[in-house]
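A short worksheet on the structure shown next.
The values are calculated or read from the model by the stated rules, or taken from the named source; none is laboratory data. Just so we're clear, the structure is a prediction, and the values are computed from it rather than from any experiment. Neighbour counts run over all protein chains shown; Cβ positions are idealised from the backbone, glycine included. Heads up: the accessible areas ignore ligands, DNA and RNA and are worked out on the full protein's heavy atoms, side chains in. Shrake-Rupley method; radii C 1.70, N 1.55, O 1.52, S 1.80 Å.
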Amino acid sequence: MHYHVCKFSKDVKRSYHVPVPRDDPDGYVEGVMRAIQDANIDIVIPMHEETFYLAEAAQTNSELRRKLLAPSFPTLITLHNKWEFSKFLVKHGVATPRSSLCRSYEDMLKLDRDVEWAVKPVYGRASTNVFHLVRGRPLPTRDEIDVSEENHYIAQEWMSGQRYCTYSVLLDGHVAALSVYPVQETIDGSSCVYFKSIEKPEITEYLDKLAEGLPGVSGQIALDLVESERDSQLVAIECNPRATSGIHLYSRTTRLALVLTSHVPIDKPWTDPPEDHVKSPIHVKRKLAPGMLMWKRSRADKGWKTTLQEYVQHMKRLVATRDVIWSWKDLTPSLMQPFLLTSYYEICREKKLKLPTMFQHDLVWEPKGEHLRQVRRMFEEGDRGSMLSQLEIGPLEL
């Protein structure tokens, strides 16, 4: 992608074109290292799954390790792999839904059909390839779901209730920054395009308990949580150990920037404790305008009155909320959005991708073949002799 929104910002002093990490991980890391040395960069803050390529390279690259704001590679994979993350939560006494590992189609057939399940790849993201198994409805066919020894899936008990997303920064194992927003407007049932900062003490406590299991870890961590409509229990259904949209809620303040740059280089010893729970401004609202313009009703079976109410609420948010890019002091990125959107659709046409998939296609980390087996061996060594090596874990409540 030669054109990106930051390229047109007056606050961006320099940008570099590097190889696509998905296609050429070594070339990508080499490109990042050239940029670090050329621009004398002090800290590297990953924004998406390029963090996995960088963290893996940092295992043998001391200069990158000193400057990379990310957990170690094994910790990253533990948080990213949905099955390993479920085991991590159980180990540290953090609430999690009932889960089961599916390594074949037959494993999925063995699931308790009296329970509703969400079945998704352990290395998936957003709502990609998520199957909702409901009693009385046919299961996905073998052609529809690619579950195999090469592509493990996790079956999680389906959690109904209010969904929340968090974005946080951990420094030395402490929650240094935290933003929280409820899921209200999405373009695909998963990817949020409207964000309203809230304060929810139960989520802060949940993050603190999770951080207790990550002593000494620094990096960005985002959770998808559900507050069960059955018992109001908060459970994490997914972890993204990288930046997510909650970062937008810190815009127009220096709060997050001060946290992210408070300890450089990353690996230097701590003498004073890090900042604690620096929140985004409460009730601040932000939107992704192009995504908001793609509105469609949430469910086709709702009556016209409910649909009309949803539409009116949507239009209020669309009109009254500041776009994440908009700034009177830096107008060009906003003015270039129609041009950028056109170029993005051209990329979608060339690569036969949908727009949400296109944005992350070049950056996704999906180990395959021998690389996948090496990653699995890392977990097998950690599980040896552990009760967490079982293929099913029950729900854990606080």
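List of remarks:
- Shown in residue order for the stretch 22-29 are the 3J(HN,Hα) couplings computed by the Karplus curve 6.51 cos²θ - 1.76 cosθ + 1.60 at θ = phi - 60°: 5, 8, 9, x, 5, x, 5, 4 Hz (x for Gly and Pro).
- Heavy atoms of the protein chains alone define the surface here; on that basis the chain has 52 Å² accessible area per residue at 1.4 Å probe size.
- Each part gets one Cα centre, and for the stretch 230-308 versus the stretch 185-222 those centres are 7 Å apart.
- Across the accessible surface of the stretch 61-149, with the other protein chains kept in place and a 1.4 Å probe, carbon and sulfur atoms take up 45 percent.
- Accessible-area value, HIS17, 1.4 Å probe, nucleic acids and ligands omitted, Å²: 120
- Of the whole protein surface, THR128 contributes about 60 Å² of accessible area at a 1.4 Å probe radius.
- When the Gaussian network model of the chain links Cα atoms closer than 10 Å, the mean-square fluctuations of VAL217, VAL324, VAL12 top out at VAL12.
- With every protein chain in place, the stretch 196-248: carbon and sulfur % of accessible area (1.4 Å): 42
- Portion, in percent, of the accessible area of the stretch 301-377 that falls on carbon or sulfur, probe 1.4 Å: 61
- When the chain is treated as a GNM with alpha-carbon contacts under 10 Å, the residue of TYR123, TYR311, TYR105 showing the greatest mean-square fluctuation is TYR311.
- Rounded Å value of the spacing that divides the Cα centres of the stretch 315-372 and the stretch 69-118: 29
- Backbone geometry of the stretch 370-381 corresponds, through the Karplus equation with coefficients 6.51, -1.76 and 1.60 at θ = phi - 60°, to 3J(HN,Hα) couplings of 5, 4, 4, 5, 5, 5, 5, 4, 4, 6, 4, 5 Hz, x marking Gly and Pro.
- Helical content alone sets the calculated 222 nm signal of the chain at -9500 deg cm²/dmol, taking -39,500 (n - 2.57) per DSSP H segment of four or more residues and averaging over every residue.
- Each residue was assigned an accessible area with a 1.4 Å probe, and for LEU341 the value is about 50 Å².
- The residues neighbouring SER251, those whose beta-carbon lies less than 13 Å from its own, together hold a net charge of +4 under the Lys/Arg +1, Asp/Glu -1 convention.
- Phi angles of the stretch 266-277 translate, via the Karplus equation with coefficients 6.51, -1.76, 1.60 and θ = phi - 60°, into HN-Hα couplings of 4, 8, 6, x, 8, 10, 10, x, x, 4, 10, 6 Hz per residue; Gly and Pro are given as x.
- Taking the Cα centre of the chain as origin and assigning +1 to Lys and Arg Cβ atoms and -1 to Asp and Glu Cβ atoms, the resulting dipole is close to 1520 debye.
- Its residue count N fixes a reference of 2.2 N^0.38 Å for the stretch 53-117, and the Cα radius of gyration divided by that reference is 1.56.
- Heavy-atom accessible area order for PHE85, PHE359, largest first, 1.4 Å probe: PHE359, PHE85
- Taking each of LYS10/LYS268; LYS200/LYS305; LYS209/LYS279; LYS67/LYS87 in turn, the alpha-carbon distance tops 23 angstrom for LYS10/LYS268; LYS200/LYS305; LYS67/LYS87.
- The GluC sites (Glu not before Pro) of the stretch 216-289 that DSSP puts in a loop, and whose beta carbon has at most 12 other beta carbons within 10 Å, are GLU229.
- Environment charge of ALA289, counting only residues whose C-beta is closer than 13 Å and scoring Lys/Arg +1, Asp/Glu -1: +3
- Convex hull volume of the chain per residue (C-alpha atoms, cubic angstrom): 163
- The length gained on full extension between MET47 and LEU258, counted as 0.36 nm times the residue separation minus their Cα-Cα distance, comes to 74.2 nm.
- Highest GNM mean-square fluctuation among MET159, MET336, MET33, for the chain modelled with Cα contacts below 10 Å: MET336.
- Solvent exposure, largest accessible area first (probe 1.4 Å, DNA, RNA and ligands not counted), of VAL319, VAL18, VAL147: VAL319, VAL18, VAL147
- Shown for the stretch 161-223 is the translational diffusion coefficient from the Stokes-Einstein equation, using the Kirkwood radius over Cα pairs, a temperature of 25 °C and a viscosity of 0.890 mPa s: 198 µm²/s.
- Amide H contacts of ALA177 (H built 1.01 Å from N, under 5 Å, at least 5 apart or other chain): VAL169, HIS277, VAL278
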